[in-house]
Amino acid sequence: MRHLIDILDLSAEEIDDLIATAGDIIAHPEKYREACRYRKLATLFFEPSTRTRLSFEAAMLELGGQVLGFSEASSSSAAKGESVADTVAVVGGYADIIAMRHPKEGAPLVAATRSEVPIINAGDGGHFHPTQTLTDLFTIRREKGHFDNLTVGLCGDLKFGRTVHSLIAALSRYSGIRFVLISPEELKLPSYVKEAYIKQKHIPYEQTVSLEKALPSLDVLYMTRVQRERFFNEEDYLRLRDSYILTPEKMRLARPDMIVLHPLPRVNEISTEVDSDPRAAYFRQAKNGKYIRMALILMLLGIRVGEEQTYAH
Ligand code: NCD
């Protein structure tokens, strides 16, 4: 049985396979309509979410499966003091696969130790968010055609932004990658991420506070929201929240083929006037999330669609 807790639980070849399956799902949706018939996905969300939870649910429904779950800790037995390990031990009896989001770093990993069904980490605190990374990688592949030799700028809250941590881990496996880390001093990339993925692999990187200076060199700009819920005090959030605002004027500094990604939700870090720029890929990215999650569910349930289709009842 496989879980997806950290993006590096998947090899680069497996990620290629997921991307190929997601592309095939877009091209031939009818082939997949019954693939998860009689299967159930449980979404256990102890933290707010729109895209991740709904795209998981839409993914399972489009595969012909069913979904159950909760979207707030307060409506689950966590409110009575139940541990995540006990919750998944029970839910594993009701569902075939579980997607879990939790405010505590490591909670899905703990859950996996007690689970009889595959656990997918749908975001754990300020740590990791591997299925957002699959979405990001799928989008980069569709928009740019490849991963090698890209200069990727990551901008905003690099400290608490879990999507950034997982994306750096994943991209650090491709050749010729270069990172430009754009953040205020207080929201710099944590050293555990920098050491484990960037320094250890000798990946060239630059750190800057200036988005304007970074923009001309980038193939991909990954914008992020300042993660208000992870701040210890509101004043710090208020001081840092407007650090970066991408506007049409700033987009003039960027290459004509640069793409702008954002895991969303956006607060004010990208002006809505940028949305009509063809380089703004974030809404296409959100849509891609459903297809890559369909591919992931199939992989973790061991279901192959095509000649070797297997249905488990
Ligand atoms: C991200 C998350 O939850 O980390 N959202 C998402 O899943 N698309 C980014 C964020 O909340 O800023």
**Complete:** Cα-based Rg and Dmax for the chain, in Å, come out at 19.2, 59
**Request:** For the chain, find the longest principal axis of its Cα atoms and tell me its angle to the long axis of helix 12-27, 0 to 90°, nearest 10.
**Result:** 80
**Message:** Taking loop as defined by DSSP and a crowding limit of 14 other beta carbons within 10 Å, which chymotrypsin sites (Phe, Trp or Tyr not before Pro) in region 1-88 fit?
**Reply:** 38
**Request:** Pick out, in residue order, every one of the trypsin sites (Lys or Arg not before Pro) in region 180-272 that is DSSP loop and has at most 12 other C-beta atoms within 10 Å; say none if there are none.
**Result:** 201, 252
**Fill in**
Shape call for region 99-187, from the Cα gyration tensor axes a ≥ b ≥ c (a/c under 1.5 means rounded, otherwise prolate when a/b beats b/c, else oblate), comes out oblate
**Request:** Using amide H atoms built 1.01 Å from N in the peptide plane, name the residues 5+ places from residue 40, or on other chains, whose amide H lies under 5 Å from its own.
**Result:** 66, 96, 97
**Request:** Could you tell me how many degrees, from 0 to 90 and to the nearest 10, lie between the Cα long axis of helix 282-301 and the main elongation axis, the longest principal axis, of the Cα atoms of the chain?
**Result:** 30
**Prompt:** Taking amide H positions as placed 1.01 Å from N in the peptide plane, with prolines and chain starts having none, which residues 5 or more places from residue 126, or on another chain, fall under 5 Å of its amide H?
**Reply:** 105
**Request:** Taking only protein heavy atoms into account and a 1.4 Å probe, give the accessible area per residue of the chain in Å².
**Result:** 43
**Request:** Show which lysines lie in cross-link reach of residue 194 when reach means a straight Cα distance below 29 angstrom and same-chain residues fewer than eight apart are skipped.
**Result:** 104, 144, 159, 213, 250
**Asked** Between residue 11 and residue 284, how many nm apart are label points set 7 Å from Cα along the C-beta direction?
**Response** 3.0
**Asked** residue 195 to residue 31: FRET efficiency via 1/(1 + (r/R0)^6), r the Cβ-Cβ distance, R0 45 Å, to the nearest 0.05?
**Response** 0.55
**Prompt:** With each label point set 7 Å from Cα along the Cα-Cβ vector, what nm distance links residue 68 and residue 252?
**Reply:** 5.8
**Fill in**
Hydrodynamic radius by Kirkwood for region 130-285, inverse mean 1/r across distinct Cα pairs, in Å, is 15.5
**Request:** Would you please give the residues with an amide H less than 5 Å from that of residue 150, counting only those at least 5 places away or on a separate chain, with H modeled from the backbone geometry?
**Result:** 177, 178
**Complete:** Of all GluC sites (Glu not before Pro) in region 56-130, the ones in DSSP coil with at most 15 other Cβ atoms within 10 Å are 72, 82, 105, 116
**Message:** Given points 7 Å out from each Cα along the Cα-Cβ axis, report the residue 237 to residue 206 separation in nanometres with one decimal.
**Reply:** 3.3
**Request:** For helix 162-171, report the angle its Cα long axis makes with the longest principal axis of the Cα atoms of the chain; keep it between 0 and 90° and round to the nearest 10°.
**Result:** 90
**Request:** Can you tell me the dipole magnitude for the chain around its Cα centre, using point charges on the Cβ only (Lys, Arg +1; Asp, Glu -1), in Debye to the nearest 20?
**Result:** 120
**Request:** Take each of the peptides 272-282, 149-159, average the number of other beta-carbon atoms within 10 Å over its residues, and list them starting from the highest.
**Result:** 149-159, 272-282
**Asked** How big is the gap, in Å, between the Cα center of region 226-292 and the Cα center of region 72-122?
**Response** 30
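The values are calculated or read from the model by the stated rules, or taken from the named source; none is laboratory data. Since this is a predicted model, take the numbers as computed values, not measurements. With ideal geometry, Cβ positions are generated from the backbone for all residues, glycine too; neighbour counts draw on all protein chains shown. Ligands, DNA and RNA are excluded from the accessible area calculation, which covers all protein heavy atoms including side chains. Shrake-Rupley method; radii C 1.70, N 1.55, O 1.52, S 1.80 Å.
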